[in-house]
Amino acid sequence: MPYRVNIELFQMLKRHISLFYGSISVKRGLHALWCWSAGLFETPDKSRVRLAQAVNEHFSDGAVFAFGSARSSLAACLKATGIGPGDEVLLSAYTCLAVPIGVIASGAKPIYMDINPDTLNVETADVIAALTPKTKAVVVQHTLGKPAPIQQIVAALKGRGIVVIEDCALALGSQINGLYTGTFGDAAIFSMELSKTLSSGWGGILLVNNPKLEQDVKMLYKSLPEAGALSSLRDLLQTVISAWCSQAVFSNLLGKYIMAAGFKSHVFRSSTPKAEFDGHISPRFMVKMGRAQLALAVLQWENLKLIAADCVSNANIIRATLHRLDIPTPGVPNANEIAVAPRVSFLVANRQFCQTFFSAKGIELGQWFNGPLSPVPRSRLFNYFPGKYPAAEKVAARVVNLPCHGRLSQADLAHVVASLETLAKKQSSNLYFD
Ligand SMILES: Cc1ncc(COP(=O)(O)O)c(C=O)c1O
């Protein structure tokens, strides 16, 4: 018994390599708090202009609109275009529940397309096959950093009056032939939620490349409320505290108590309110990004190149190990592409075992997307029927992800690689499958 207690104590005192808060240094979080307090007496519009300038450093041709989340920026884009009840919006079946929530919030119906299991993305032929006279928009998701065949999809849909929205929530900084994903469609959404490449705790950016659509979005945006000042500050504080907890030497211990206390006392909040799992959209769903998030978002966008480069170099090292160990790794970028994501995905035989294995080594192993619509929705509003998307479901049953974000130190990275090697050597039956 004392031996067991000692082991548990040792585990708790160990550093834990988290999948979350990967782009937020505590220093930058505190800097954001400083910028927020310094900007208290300026108009929120001024902060928004500053954010737009930071985004336009990378996406010079688009109009930038900052929202409380990426899902609400998707809903706003659809609504501004006049898409709503009776219309259909095409989505990848291999995605997060937040995407159809954005469609449901606009009043339109989500329709899913199966994926190519090697790329985790939809193919042009799948899009064409799913079109009906009711299709008014297609959301092209660049899954976990891997660019989708967006140029071919845009070319195939030209002249059909269908809005193409790139979902770059998990591909912020990815490139095709030197051009960022997000620059090819009529519009693009980026998530700045706490698990993403570039986080401000919460937040979403809508980038509009189509000038006609820009005017429509401008009109709608003007009419929207801003996130409340207190809730915005609370979100920033949660972000800074969580980032500190997840990076500290005793992160396992802090995570267990401080984070748990934050959630239990309802001071901390999760990204998806419970009601959204049933497709219920709150009246405050579509809000402009709050001031405190704007302060951190500006600092994050100013550091995009550095943050993305860290993700890419860490991912390359992990992918090289996966390749050497002959572990199936979907979503590998082609020679003309750069894939930027905070996680690297691979497929395993026994996911539960692998999670326990990595957890014992202080490494969080993720399950994006394990649904394939993750989590599988309870409500018919989602129009999602398990069994209809075999490729996505096959991947979803086996997929796991390791962190590759910029908060990993060289020692963390070496530990991740060594752990993979041990798994392959000592637990091959739990890793490899036929
Ligand atoms: C692919 C994808 N798109 C969009 C979103 C929505 O992002 P947000 O949480 O900012 O609404 C997510 C959320 O995880 C996502 O994984």
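Values in this text are rule-based calculations from the coordinates and carry no lab data. For clarity, every value in this text was computed on a predicted model and none was experimentally measured. As a convention, Cβ positions derive from the backbone with ideal geometry for all residues, glycine included, and neighbour counts pool all protein chains shown.
What the table below lists for this structure:
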read-out: Centroid-to-centroid separation of the stretch 216-245 and the stretch 21-61 [C-alpha atoms, Å]; value: 12 Å
read-out: Local electrostatic count at ARG398 - Lys and Arg +1, Asp and Glu -1, tallied over other residues with Cβ under 14 Å; value: -1
read-out: Contour minus Cα-Cα distance for TYR432 and PHE277 (0.36 nm per residue); value: 52.5 nm
read-out: Cross-link pairs LYS361/LYS388; LYS46/LYS212; LYS222/LYS388 - those with Cα-Cα distance over 31 Å; value: LYS361/LYS388; LYS222/LYS388
read-out: Cross-link table LYS79/LYS305; LYS79/LYS134; LYS146/LYS274; LYS27/LYS305; LYS146/LYS425; LYS79/LYS109, entries beyond 23 Å C-alpha to C-alpha; value: LYS79/LYS305; LYS146/LYS274; LYS146/LYS425
read-out: Highest average packing first - 315-323, 402-410, Cβ atoms within 10 Å; value: 402-410, 315-323
read-out: Counting DSSP beta bridges with both ends in the stretch 26-222, the antiparallel % (nearest 5); value: 45 percent
read-out: Cα centroid separation, the stretch 86-142 to the stretch 380-417 (Å); value: 19 Å
read-out: Packing-based order for 152-161, 235-244, 67-76, using average beta carbon neighbours within 10 Å, highest first; value: 67-76, 235-244, 152-161
read-out: Estimated distance in nm for a label pair at ALA320 and THR132, the labels positioned 7 Å out from Cα along Cα-to-Cβ; value: 4.9 nm
read-out: Mean Cβ neighbour count within 10 Å, used as a protection proxy, ranking 215-224, 201-210 highest first; value: 201-210, 215-224
read-out: Rough spin-label spacing in nm, given labels placed 7 Å along Cα→Cβ, for ALA125 and LEU230; value: 5.7 nm
read-out: FRET efficiency, 1/(1 + (r/R0)^6) with R0 25 Å, evaluated for ASN56 and GLN152 via beta carbons; value: 0.40
read-out: For ALA315, net neighbour charge (Lys/Arg +1, Asp/Glu -1) across residues whose Cβ lies under 12 Å away; value: +2
read-out: Calculated FRET value between PHE250 and ASP118, using beta carbons and R₀ = 35 Å, to 0.05; value: 0.30
read-out: Neighbourhood net charge (13 Å Cβ-Cβ; Lys/Arg +1, Asp/Glu -1) for VAL332; value: 0
read-out: Rounded FRET efficiency, nearest 0.05, which uses the C-beta distance separating SER37 from SER359 and R0 of 41 Å; value: 0.60
read-out: DSSP-defined antiparallel bridges as percent of all bridges, the chain, nearest 5; value: 50 percent
